[in-house]
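Comments concern the structure below.
Bear in mind these aren't lab numbers, they're just calculated from the coordinates by the rules spelled out. Owing to the predicted nature of the structure, the values given are computational and were not obtained by experimental measurement. Neighbour counts run over all protein chains shown; Cβ positions are idealised from the backbone, glycine included.
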Ligand SMILES: *Cc1c(COP(=O)(O)O)cnc(C)c1O
């Protein structure tokens, strides 16, 4: 039996080698410190869990949900958009839809808009789904490199005219996974103008909208005047409220984007569990102080790991947002070589930067979803193994 051609076009999973090694070390009884996973380690806030208990006892939540999401959920989502970003006037019927987590909605948006031969403009490094969903749809991904010297923002002037003309979708994600970079509203203004000129649907993946530090509050692309004609924004409750397992998010913005996505989804899935949508409504009214309390835990870990790596010679600035520290590998190493070194010598798992795209080469990612104690243990092991930023370790073994 052969897989479909479309599956053969999907690139091999880059972490396969690391996973294999990790399994070997685990079998030998090595205590592995996983600094890799972007999955919050704390429970979902109590008020949300209580709303779920209540909702699940109501038989009205037990049957098929409406495809676009229950109306109360969509209304709560757009009310939150207005409170949080000052983005008012979204139509709950034409400009909002519930998702079964952002990943699903992201993938299905490609199916709605990309034909074979169409181009998609995607960030490199970036969330892997943008690339794989392009390939599933038969399209051609065009990587926009995110370079440190540009603050990890794509350079729109570097996109060839012929590519821009063939592009259907342009994807960005700020605060950014994996680089931890943030984008100012002025950059979103440029994106909106670019996408209007070339008739491209601008897709902003806002998975980390609430994950900010030192008072940083990320803007919405829909704050740009006129953005609603060309842009849709993907929101997720996963990272904001420790709800990765619940699978709930929403998409708002350009009616054409919502319509296309809705048409795919109504043929693919049957909506998010209504009880989860009710619990998510409770999440939208989580007191700001409680959200900030969750973020302050990550902020302390960020300060701890950044200071620890700086002490080991790393040239590093603390990210203002996201669950990630994006660090350069020491001179003389590729991303994979360094990730393997950390695993072999220290039992530490980190994803190599090239796992997020070719332009991620030269970096590795650390997630802030592990306790400070485990981070301290990881730094101690690096110290003991003599792993520092400056020195090339290759010769020693
Ligand atoms: C985690 C993540 C998502 C997926 O979020 P879900 O709502 O849990 O599917 C999407 N985009 C980026 C950049 C992410 O890091």
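Couple of notes before you dig in:
- Share, in percent, of DSSP beta bridges within the chain that are antiparallel, nearest 5: 45 percent
- Tilt relative to the chain, helix 274-284 - C-alpha long axis, 0 to 90 degrees, to 10: 70 degrees
- The angle between the Cα long axis of helix 185-198 and the longest principal axis of the Cα atoms of the chain comes to about 60 degrees, rounded to the nearest 10.
- Gyration tensor (alpha-carbon) shape descriptor, the chain, a/c threshold 1.5: prolate
- Shape category assigned to segment 20-152 from the gyration tensor of Cα positions, a/c cut at 1.5: oblate
- C-alpha long axis of helix 335-346 to longest principal axis of the chain, angle in °: 60 degrees
- Calculated FRET efficiency for the pair residue 46/residue 307, C-beta based, R₀ 30 Å, to 0.05: 0.40
- Antiparallel DSSP beta bridges within segment 46-283, as percent of all bridges there, nearest 5: 35 percent
- Per-residue [θ]222 nm for the chain (sum of -39500 (n - 2.57) over DSSP H runs n ≥ 4, rounded to 500): -12000 deg cm²/dmol
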